[in-house]
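Engineer: Sharing a structure below in structure tokens format, with a few things to ask.
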Amino acid sequence: MSRRVLGFCVPLALLLGATLTQPATATSQYTVTALKFTVRTGGRTCTVDADLYRPSGVDHAPAVLATNGFGGSKNDGSTDAIGKAFAQRGYVSLVYSGLGFGRSGCLISLDDPAIDGTAAAQLIDFLGGKRSADDGTTADLVTLDAPGDPRVGMIGGSYGGAIQLATAAVDHRVDAIVPMITWNDLAYSLDPNNAVGAASVPGAFKWQWTNGFYLIGEGQPLLEASLDPSRINSLSCLHFVTRACDTIRTLNSGSYPADRTAELLAYARSVSPVSYLGRVKAPTLLIQGQADSLFNLNEATATYKALKARGTTAKMIWQSWGHSGGISDPASGELNLVQGNLETSYVGRRVLAWFDRYLGGKHVDTGPAFAYYRDWITDPDGTYATADRLPSLSRKLYLSGDGKLVDNRAKVARGSRTYTNWLIPTSHSESSLAGAIGLPDPAPYDTKGTHLAWTSEPLARTTDVVGAPRATLKVVSPKAERTQGSGNAADKLVLFAKLYDVAPDGTKTLVHRLVAPVRVPDVARPFTVTLPGIVHRYEQGHRLRFVVAASDDAYFGNRGIKPVTVVSAPGDTGVLELPVVGG
């Protein structure tokens, strides 16, 4: 049993200590040649393991370059499927195992443009005829824009998505990219702080996701037997670059000393698109998953806005599936490259049009600026809505002192309510890797006395929320106010904001189990929280419930007991803003 998606793979057998491989085979539509490339990058020389797919009956064709998600290789079902899918459609495909994975050497360096991007650029040299594979094979079939400059695009997901941005930043020969379900800023991905304007303040460590991937990475030499010394760092940091191990250890310590924290955040951002998007010129089609607590919709939105601001051609799609539950079985009509449904899925057709336009030189419509999947539509041909821009925050609700969520300040009742945290987590949103490896996960819950909730009246009409809600809050916590100046950010107040859908029968739904961790920059001042982006229909008669919780068991939380009080008055209360579309 395995959970596989495009460019991302966490097979159950891999977690248990075995490797899944599916060797490529030739068909009448294409031939496959296994190749090795010796590359020099990151101060090391190592071998990259690759497969070249040559379409049959084609004199020259553009190329598609792709690599695996974290824990996978060129032979896993999703990565191998990319080579097959595009070779069947007339593209030359070069699919390779990323550095440190499969039978490729070098250390895992988190898609660092200076290391992973530089290695990928040497494979583009091969596609452009500037070098051969180690056995002398040349790529004489690839369309060239100039000597040494192949017509080449990239596609892949998660770890295989960020590498595209990293490569495009260091090699402007890349003509088009399609990053899927990937990150903008690893500092936010692994240690998120959703407080607006608090980039210098660490967040709440996403310990389950992070340590799961860390263990997968450190186990690579054991899972894929290799004596290649380029794959080994040291006994204390077996398979990653040293700074990656140092970052994980600091996060696991639960402590954020000022000097170490600044270094940690700087490293995580230095290997993230947020630090180099200004160098990305390739037309970019971003595809992000709504069901994704690892890399949420806010990450793709940040990348999209940054590219657009710099004049880079960019469009964005919010598909249904991401890293969270159900990733091995996309909804009916959704892109599933393992099944080869490019022409029959909305996202697949958008990908083909993107490559037709920017690799094939065809004057085709690449679709709207923004599109999003709607799970309340039953007709597979109508599940996507489109727009020429992202929805804006258009509706305000106010936090009343009696626990109600009201639509007018005049309806706010004066009052105050208090919660306190325990020394152990008392709220549950998800078991992060459960969906990835097919394990059951208890329903979300919040323990009485350790959270506050504000609930609206039953909705008079259906309400579609598309985007990232925002909440402006002010809390009172004398204990947190006394400790926040200790010099260690771990002593600042941590809380978790989230939005439920409450049905008439009382059933609660935490949309895609998403929460917004916050380490409050200054508890004495109001602060604004950006919640994870969602696409969700609140049906008529349902209620919205906004919750602030003291903890979440998928994250590290408060150090010490810090009671929190929220005070409300008509002229001074918290505000929840929603991006509502269609009325």
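Engineer: Exactly one of (1) closer than 26 Å to Q290 by Cβ; (2) part of a loop (DSSP other than H, G, I, E, B) is unmet by L397. Its number?
Structural biologist: Every condition holds for L397 apart from (2).
Engineer: Right, something else. Collect the residues in segment 38-65 that are of a type in the set (V, I, T), farther than 14 Å from L123 by Cβ and assigned to a strand (DSSP E or B), keeping them in residue-number order.
Structural biologist: T45
Engineer: Working carefully through the options S324, S332, S392, find the one that is among the hydroxyl-bearing types (S, T, Y) and over 28 Å from P440 (Cβ atoms).
Structural biologist: Unique residue meeting the criteria: S392.
Engineer: In segment 524-537, is there at least one residue being on the phi > 0 side of the Ramachandran plot, touching a residue at least 24 places away in the same chain (Cβ under 8 Å) and either crowded, with 22+ Cβ neighbours inside 10 Å or of a type in the set (V, I, T) (or both)?
Structural biologist: Within segment 524-537 (the criterion being on the phi > 0 side of the Ramachandran plot, touching a residue at least 24 places away in the same chain (Cβ under 8 Å) and either crowded, with 22+ Cβ neighbours inside 10 Å or of a type in the set (V, I, T) (or both)), the answer is no, since none of the residues qualifies.
Engineer: Restricting attention to segment 99-123, which residues are over 12 Å from V39 (Cα atoms) and either among the small types (G, A, S) or surrounded by fewer than 24 Cβ atoms within 10 Å (Cβ to Cβ) (or both)?
Structural biologist: Listed by number, the residues that qualify are G100, G102, R103, S109, A114.
Engineer: Name the pairs: first residue in segment 385-403 and at positive phi, second residue outside any loop (DSSP other than H, G, I, E, B) and of a type outside the set (V, I, T), Cβ to Cβ under 9 Å, at least 6 apart or on different chains?
Structural biologist: G403/G415; G403/R417; G403/L452; G403/A453; G403/W454
Engineer: Next up: Would you confirm whether any residue within segment 475-492 is small (G, A, S), touching a residue at least 40 places away in the same chain (Cβ under 8 Å) and either closer than 23 Å to W318 by Cβ or in a strand (DSSP E or B) (or both)?
Structural biologist: So far as segment 475-492 goes, no, none of its residues is small (G, A, S), touching a residue at least 40 places away in the same chain (Cβ under 8 Å) and either closer than 23 Å to W318 by Cβ or in a strand (DSSP E or B) (or both).
Engineer: Here's a check for you: in segment 218-244, which residue that is more than 16 Å from G43 (Cβ to Cβ) and among the small types (G, A, S) is modelled with the lowest pLDDT?
Structural biologist: S226
Engineer: Right, another one. Keeping to segment 163-211, report how many residues are surrounded by fewer than 24 Cβ atoms within 10 Å (Cβ to Cβ), in a helix (DSSP H, G or I) and either at pLDDT below 95 or among the hydroxyl-bearing types (S, T, Y) (or both).
Structural biologist: Matching residues across segment 163-211 total 2.
Engineer: Still on this model: Taking the criterion of being of a type outside the set (G, A, S), modelled with pLDDT of 95 or more, surrounded by fewer than 22 Cβ atoms within 10 Å (Cβ to Cβ) and in the same structural domain as D441 (by TED's automatic domain parsing), would at least one residue in segment 494-501 satisfy it?
Structural biologist: Yes, there is a match, as at least one residue in segment 494-501 is of a type outside the set (G, A, S), modelled with pLDDT of 95 or more, surrounded by fewer than 22 Cβ atoms within 10 Å (Cβ to Cβ) and in the same structural domain as D441 (by TED's automatic domain parsing).
Engineer: Which ones in segment 145-162 are of a type in the set (A, V, I, L, M), more than 13 Å from the chain's Cα centre (by Cα) and buried (at least 24 other Cβ atoms within 10 Å of the Cβ)?
Structural biologist: V152, M154, I155
Engineer: What is the residue count in segment 351-394 for residues that are modelled with pLDDT of 95 or more, outside any loop (DSSP other than H, G, I, E, B) and of a type in the set (G, A, S)?
Structural biologist: 4
Engineer: Taking the residues in segment 141-161 that are in a strand (DSSP E or B) and out of contact with any Leu (no Cβ under 6 Å at 6 or more places or on another chain) as candidates, determine which candidate is nearest to I108 (Cα to Cα).
Structural biologist: The residue in question is G156.
The values are calculated or read from the model by the stated rules, or taken from the named source; none is laboratory data. Remember, predicted model here, so these are calculated numbers, not experimental data. Glycine also receives a Cβ, built like all others from the backbone with ideal geometry; neighbour counts cover every protein chain displayed.
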